[in-house]
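Okay, so here's the structure we're looking at.
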Amino acid sequence: MNNKTESLKEKLKQALTSTARAISDDLSTNIKPDKENKKNLDKFEFFELDNLNTKSDFLKARAISDSNALKKKFSSDLIFKKNLPSSSSCKSLYTIAEKIRYETLGSKMLKGIEKNLKDNYYQANNLKRKDQIKSKEDVSVTEAFELYMLKNFHNIELNSLTSKMLKFWEKDFDKSIFDHIDFLKKNLEDQNIYSSRFSQILQEMDIFQSEENEEKTEENQDDNQENSSNENEESETEDKKDRDSQDETEASLDSDYDIDEYKLDEQLADSTTEKNSEQVIQKKILHNLDIDYKVYTTEFDEITKAENLENSDETSKLRKALDQQLIGFQDIITKLANKLQRQLLAKQNRTWNFDLEEGLLDSSKLPRIIIDPYNSLSFKKEKDLDFKDTVVTLLIDNSGSMRGRPITIAAICADILSRTLERCSVKVEILGFTTKNWKGGQSRELWNKKSKPKSPGRLNDLRHIIYKGADTHWRQAKNNLGLMLKEGLLKENIDGEAISWAFNRIKKRKEERKILMVISDGAPVDDSTLSVNSGDFLEKHLKKMVKFIENKSEIEILAIGIGHDVSRYYNRAIKITDVNELGDVMISQLSALFDKKSKLN
């Protein structure tokens, strides 16, 4: 970097810092160097200055700086959290509404701020590439809501593409919001009034009401079924803990104000969609792990919950189809589940604390009450065991070659393991990986438009799917597992990045024991990527990622290859020739791991 560039960068730092201080009335707003190693001297409070390469980057930088300074000046975190909607579906829209509020106030305060924000939004709208928009399902509700807010509060003129995107959702928004717009505009300066009204509006919107009602109905049905199956008091207590834990997890995932945990504010300050912060972390891990592995763009990658891929009616149908397949395996399933449960419970060596003031009633002490009615009731409580402090992640290859019997068996086995392990207090997360398109999708289109630079690296749009979170009870996620049977879902498989993603998720868990089980049917394959890179490009990265986990982390990783030997990638690997063996092999492998743990103890 030459002296002239350094000088210009220094002037830009000073200009943005001074402007941010003036806007936010906060003299502490500054460049944030890392005092210990001085590696981050180029890090401004809201973004990386090294990312400024073009005029569009400069426009974005000014807008981000202004927006974050306005957030400091006009937005109270306490009020934001106080009025945060209870429904997880509403939280991302609520965050967008708050961002638009403080930006609108800033635009009224200074014309320069208004120009910077509008220029950036116009630029972002013009860069949107949605060539295959055909129906409402092709436009996310958050993306449409942002356009609706920009149109009605920032007076942004939408282009033909963004107008088309908004049109699918505009009637839904108008029905709930239009009559309140004047009230909201009049109360922009009062965050509490504005945000509490918006929170109420969002929670009463029909598009979210139907989702909540379906969830409640399904929960009630499942509760009735479970009550009739004589579940004891202990399992009911565990269910409550799981539901509470899931609420907390969803709140942290859906609220942009919770990403401080990852220290990514400066990189995600301009994010107003549901793009998960995990993508940024994933990118950093890839860069640190292997500088030879390149990704052409992450702009079109997707990390999504399974329920976002299909409507509830279709999801229920797919689950019924999976249940039909389960009927043929019922005898085998029952034997496998009972075998694993017996093995795991036997290893727990359950112990109890007696003579407690609360807990489960100790029936062995009831005779003394009969002898002397003045004796008090005695309770007992099971001791916490290290064995229970375990989480298992199942990472399932969702590529096209898994279509048919392999993916069906994989979904069935994931269903069995999830239910069985939960009964033994072992938490289970189920993830899937594929790509959004064949032949590279939007990533390849962008590469073509940029004159096809050589050796672009990974050249397809990733789709990583969360079928079941570790803190989500099986009952609440069971329909999602049927989505593995969804027509058209299974495409390409880029294993290295999928394992990096799963590793990043499980390593943040608080459990002492962490197990990652990968189910795949062979080597990573993506025709778009391999056609413009070396033939072993994806394979080399997979090997390095697995080696890193095996040698430099405490996470235990094992793999099951369906019809293919995957031992060249994983130290602990099993090959099965008949897909019907999958359930037995998964259970025996987990049992062996738990045996190993108990011997070490």
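The values are calculated or read from the model by the stated rules, or taken from the named source; none is laboratory data. No experiment lies behind these values; they were computed from the predicted model shown. FYI the Cβ positions are ideal-geometry reconstructions off the backbone, even for glycines, and counts take in every protein chain you see.
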Which condition from (1) over 17 Å from G432 (Cβ atoms); (2) touching a Ser or Thr at 6+ places or on another chain (Cβ under 8 Å) is the one that I506 breaks? (1)
Let me spell it out: the conditions are (1) part of a loop (DSSP other than H, G, I, E, B); (2) at pLDDT 50 or above, and K38 meets all of them except one. Which number is the exception? (2)
Picked from segment 137-151 (must be more than 21 Å from D179 (Cβ to Cβ) and not β-branched (V, I, T)), the residue nearest to the chain's Cα centre (by Cα) is S140
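Looking only at residues that are at pLDDT below 90 and not small (G, A, S) in segment 78-101, which one is surrounded by the most Cβ atoms within 10 Å (Cβ to Cβ)?
First, the residues of segment 78-101 that are at pLDDT below 90: 85-92.
From the residues that got through so far, the ones that are not small (G, A, S) too are 85, 90-91.
On the way: P85: 21, C90: 25, K91: 23.
Checking each candidate, the answer is C90.
Among the residues of segment 505-528 satisfying the criterion of being under 30 Å from S451 (Cβ atoms) and over 25 Å from the mean Cα position of the chain (by Cα), which is surrounded by the fewest Cβ atoms within 10 Å (Cβ to Cβ)? Before the answer, list the steps.
First, the residues of segment 505-528 that are under 30 Å from S451 (Cβ atoms): 524-528.
Narrowing the set further to residues that are over 25 Å from the mean Cα position of the chain (by Cα) leaves 527-528.
On the way: D527: 13, S528: 23.
Residue satisfying both the conditions and the ranking: D527.
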Determine if segment 546-554 includes at least one residue that is at pLDDT below 90 and over 28 Å from E512 (Cα atoms). no
How many residues are closer than 15 Å to F198 by Cβ, in a helix (DSSP H, G or I) and under 22 Å from the mean Cα position of the chain (by Cα) when one looks only at segment 81-96? 9
Looking only at segment 429-447, which residues are of a type in the set (A, V, I, L, M, F, W, C) and not in a loop (DSSP other than H, G, I, E, B)? I430, L431, F433, L446, W447
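For segment 102-133, which positions are over 26 Å from D77 (Cβ atoms) and either in a helix (DSSP H, G or I) or modelled with pLDDT of 85 or more (or both)?
The first filter runs over segment 102-133 and keeps only residues over 26 Å from D77 (Cβ atoms), leaving 111-112, 115, 118-119, 122-123, 125-133.
Of everything in segment 102-133, those that are over 26 Å from D77 (Cβ atoms) and either in a helix (DSSP H, G or I) or modelled with pLDDT of 85 or more (or both) turn out to be K111, G112, K115, K118, D119, Y122, Q123, N125, N126, L127.
Residue-wise test of (1) of a type in the set (F, W, Y); (2) surrounded by 13 or more Cβ atoms within 10 Å (Cβ to Cβ); (3) over 28 Å from the mean Cα position of the chain (by Cα); (4) at pLDDT 80 or above.
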site: D372; (1), (2), (3), (4): no, no, yes, no
site: L377; (1), (2), (3), (4): no, no, yes, no
site: D389; (1), (2), (3), (4): no, yes, no, no
site: N398; (1), (2), (3), (4): no, yes, no, yes
site: G404; (1), (2), (3), (4): no, no, no, yes
Are there any pairs, at least 6 apart or on different chains, whose C-beta atoms fall under 8 Å, with the first in segment 132-154 and more than 17 Å from L202 (Cα to Cα) and assigned by TED's automatic domain parsing to the domain that holds D172 and the second in a loop (DSSP other than H, G, I, E, B) and among the basic types (K, R), and if so, which? D138/K130; V139/K130
Residue that is nearest to C413 (Cα to Cα) [pool: residues in segment 475-488 that are surrounded by fewer than 21 Cβ atoms within 10 Å (Cβ to Cβ) and not charged (D, E, K, R)]: L485
Which listed residue is at pLDDT 90 or above, over 29 Å from the mean Cα position of the chain (by Cα) and of a type in the set (G, A, S), from S500, S531, S598: S531
Cβ-Cβ under 8 Å, sequence separation 6+ or interchain: first residue in segment 67-78 and assigned to a loop (DSSP other than H, G, I, E, B), partner not β-branched (V, I, T). Which pairs? S75/E98; S75/R101; S75/Y102; S75/Q191; S76/Q191
